[in-house]
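The block underneath contains the structure these notes are about, expressed in structure tokens.
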Amino acid sequence: MTIITKLALAAGLATALSTAAFAQDLSGKVVGFSQIGSESGWRAAETSVTKQQAEERGVDLKFADAQQKQENQIKAIRGFIAQGVDAILVAPVVATGWDEVLTEAKEAEIPVVLLDRGVDASEDLYLTSVASDQVKEGRVAGQWLVDTVGTEECKIVELQGTVGSTPAINRKQGFEEAIAGHDNLSIIRSQTGDFTRSKGKEVMEGFIKAENGGADICAVYAHNDDMAVGAIQAIKDAGLKPGTDILVVSIDAVPDIFTAIAAGEANATVELTPNMAGPAFDALAAYLADGTEPEKFIITESKLYTSADDPQGEYDRRKGLGY
Ligand code: AHR
């Protein structure tokens with residue numbers, strides 16, 4: 001047997017053992033997942049990664065799509081409690097209104113893990129929260145714009161996420177913090193586009209109409225890539241060049257924004273990994289095995305990407321991962 005064959009066999013064995021270890025950790029466990037819906041490309045990627053991660057670990061995942069409605073999420077969580085699942089994952093559409101149902105899960109001794117958004121509720125009502133630092137995401141996007149425009153005057157329009165959701169609240173705050181003290185930058189209009197491409201386009205059309213056909217707008221800051229892609233279409237429809245006449249900065253780093261960056265139609269995005277389930281299942285495996293308490297907040301990275309970061313390669317890499 002050659003050394004290469006031996007190494008390959010050893011690597012194969014190591015992979016098999018680690019897969020088996022994961023499978024052992026959560027195999028046979030039933031986990032309910034209350035997902036918000038499918039408002040964005042990022043959300044769709046998170047759903048498919050969660051299903052993949054569950055399958056790899058032998059988890060029986062009960063998936064419930066809430067169609068953007070908190071009442072559907074609460075109903076789904078109550079259903080999971082009634083079924084006696086081993087754990088619950090929830091991506092909370094808005095921050096408030098969770099105390100009652102989370103208390104019911106706690107009383108039933110079912111650990112709850114929050115995915116990608118936070119809640120305004122007592123921290124002892126959930127096991128852990130796996131999410132990005134959303135204020136930081138806004139700051140990274142804002143700092144990119146500060147550095148890019150230098151001393152030029154720049155009037156910004158903002159497309160906010162879902163009203164009352166933590167990413168909309170925090171990404172707004174972070175961006176405002178970054179541009180504060182730079183008197184040449186100001187947000188002249190700000191409205192929700194509900195994290196969707198169609199509303200992003202519609203709201204941007206309104207901004208363009210109201211601001212001299214878009215001539216007075218220097219940049220659009222969108223709280224997610226899908227709204228940015230909608231805004232890009234609105235800018236083009238108005239006869240302007242996105243990425244040049246109006247700078248475009250957003251958050252998520254989904255494949256479509258890399259297509260736009262490669263075409264020079266978007267300028268920057270801040271990555272939000274769709275793999276929230278991996279760290280969530282790791283935390284659950286340890287907790288269900290021997291009660292190990294995870295960190296209360298598991299924070300994912302927030303990396304900035306621009307045209308200098310091989311947008312075609314980044315697109316291909318994500319597509320290869322099934323996003
Ligand atoms: O909570 C994460 C946000 O929700 C993503 O940025 C957005 O695309 C999604 O719909």
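Overall shape: rounded for the range 131-270, with the ratio a/c of the largest to smallest alpha carbon gyration tensor axis below 1.5. Per residue, the convex hull spanned by the alpha carbons of the range 213-323 comes to 107 Å³. For n ≥ 4 DSSP H runs only, could you compute -39500 (n - 2.57) per run for the chain, divide by its residues and tell me the 222 nm figure to the nearest 500? Helix-only estimate at 222 nm: -15000 deg cm²/dmol.
Only bridges with both residues in the range 241-323 count here: give the DSSP antiparallel percent, nearest 5. So the antiparallel bridges amount to about 40 percent of the total. For the pair residue 211 and residue 182, the difference between a 0.36 nm per residue extended length and the Cα-Cα distance amounts to 8.3 nm. In order along the range 64-75, the Karplus-derived 3J(HN,Hα) couplings, from 6.51 cos²θ - 1.76 cosθ + 1.60 at θ = phi - 60°, round to 10, 8, 8, 6, 6, 10, 4, 4, 5, 5, 5, 4 Hz, and Gly and Pro are given as x. Using the alpha carbons alone, the radius of gyration of the chain stands to its Kirkwood radius in an Rg to Rh ratio of 1.03.
Put in order of Cβ neighbour count within 10 Å, fewest first, the listed residues 201, 155, 136 become 155, 136, 201. Remark: spin-label model distance residue 27-residue 299 equals 3.7 nm, labels positioned 7 Å along the Cα→Cβ axis. Listed from fewest to most Cβ neighbours within 10 Å, the set 127, 159 follows the order 127, 159.
For the range 149-218, the Stokes-Einstein estimate of translational diffusion at 37 °C and a viscosity of 0.692 mPa s comes to 256 µm²/s, using the Kirkwood hydrodynamic radius over alpha-carbon pairs.
How large is the charge dipole for the range 137-219, taken about the Cα centre, if only the Cβ atoms of Lys, Arg (+1) and Asp, Glu (-1) carry charge, to the nearest 20 debye?
Working: 9 positive and 13 negative charges, 73 e Å.
Charge dipole, the range 137-219, about its Cα centre: 340 debye, nearest 20.
Distance cut-off 31 Å, Cα to Cα: go down the list 106/303; 69/136; 29/303; 75/209 and report the pairs above it. As for pairs spanning more than 31 Å Cα to Cα, those are 106/303; 29/303; 75/209. Distance from the Cα centroid of the range 222-275 to that of the range 86-156 is 23 Å (rounded to whole angstrom).
In this structure, the amide hydrogen of residue 248, modeled 1.01 Å from its nitrogen in the peptide plane, lies closer than 5 angstrom to those of 220, 243, 267, 268, counting only residues at least 5 positions away or on a different chain. Size estimate for the range 241-292 follows the Kirkwood approach: the inverse of mean 1/r over distinct Cα pairs works out to 13.2 Å.
Please arrange 189, 139, 171 by how many other C-beta atoms lie within 10 Å of their C-beta, fewest to most.
Values: 189 17, 139 23, 171 31.
Ranking 189, 139, 171 by Cβ neighbours within 10 Å, fewest first, gives 189, 139, 171.
No lab work stands behind these numbers, since they all come straight from the coordinates. Please read all numbers here as calculations on a predicted model, not as lab measurements. Every residue, glycine among them, receives a Cβ derived from its backbone with ideal geometry; neighbour counts consider all protein chains shown.
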